[in-house]
1. Measure nothing but the geometry: give the 0 to 90° angle between the long axis through the Cα atoms of 3-22 and the longest principal axis through the Cα atoms of the chain, rounded to 10°.
2. I'd like the carbon and sulfur percentage of the solvent accessible area for the chain, probe radius 1.4 Å, heavy atoms only, ligands and nucleic acids excluded.
3. With every atom except the alpha carbons ignored, what do you get for Rg and Dmax of the chain, in angstroms?
4. Would you mind checking the pairs K45/K67; K67/K156; K59/K156; K59/K103; K67/K140; K56/K140 and listing those with alpha carbons more than 27 angstrom apart?
5. Shape verdict for the range 142-217, please, from the Cα gyration tensor: rounded (a/c under 1.5), prolate (a/b greater than b/c) or oblate.
6. Rg/Rh for the range 122-163: what does it come to with C-alpha atoms and Rh from Kirkwood?
7. Accessible area per residue of the range 112-210 at 1.4 Å probe, in Å²?
8. Be a star and scan the range 160-187 for residues whose amide nitrogen sits under 13 Å from the point 7 Å along the Cα-to-Cβ vector of Q151.
Amino acid sequence: MTEENLRTLVRQIVTECASAVADPNAIPIGISNHHIHLTQADFDKLFPGQKMEKFKQLKQPGEFASKQTCDVVGPKGTLEHVQVLGPCRSHSQVEIANSETFKLGVPAPIRLSGDLAGTPSVKLRTAAGEVTVQGVIVAKRHIHMSLTDAQRFGVKLGDTVTVEINSAGRRTIYDDVIARPRQDFTLEMHLDTDEASAANVQSTTVAHIIPKVQSTF
């Protein structure tokens, strides 16, 4: 086990223990700003001669925000200095908020990460290069969780749950939230900036899955 993996494991244990003490059913919320995932080939074209430099470790194991950014260029406008997340993937994709589809002029569908069939294309541009990426989506809201969490919540991969966010002055119910359990995942609900703003999500705001009512008839 590497030092980085050990640190990630310790953070996960501390987070889960703290959450369990305060409220075992509380789900931390991660606000996902627009970002880019790149293949190694596209990264090399945009940042020739560079290696992806870590700026900040993300909560999910092995994932990080890099120091590299590039501009996302659509038919109607540009999003500047959009952060690249690492590590590299098998297919490049761009994740934006629904409100940003109008600025770019692209009809990005609401999808889970990696579901890119039929999605629109944009150009990614840096001072050193440019690539065209087919794979612009608005990320579907979802919850990362460990297999133990999934058992506790009574869900499996791909299940849809309803979630309550009880923030100050803006109690919000979100349907169509996808459960994404995996052995090494850390419990965290992902919302984009539009959804988080609508629900007045703050750094200490948590979510709760609303249990399904079992009919007795």
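1. Roughly 40 degrees between the two axes.
2. Values: 6350 of 11800 Å².
After summing per-atom areas, the C and S share lands at 54 percent.
3. 18.3, 66
4. Details: K45/K67 16 Å; K67/K156 35 Å; K59/K156 21 Å; K59/K103 29 Å; K67/K140 25 Å; K56/K140 23 Å.
With Cα atoms farther than 27 Å apart: K67/K156; K59/K103.
5. Working: a/c = 2.15, a/b = 1.26, b/c = 1.70.
It is oblate, given that a/c is not under 1.5 and a/b is not larger than b/c.
6. On the way: Rg = 17.8 Å, Rh = 13.8 Å.
Computed over Cα atoms, the ratio is 1.29.
7. On the way: 4690 Å² over 99 residues.
Per-residue accessible area for the range 112-210 comes out at 47 Å².
8. From the range 160-187, the list is 183.
The values are calculated or read from the model by the stated rules, or taken from the named source; none is laboratory data. Because the structure is predicted, anything quoted here is derived from the model rather than measured. All Cβ positions, glycine included, derive from the backbone under ideal geometry; neighbour counts span all protein chains shown. Accessible surface is based on the protein model in full, side chains and every heavy atom, while ligands, DNA and RNA are left aside. Shrake-Rupley method; radii C 1.70, N 1.55, O 1.52, S 1.80 Å.
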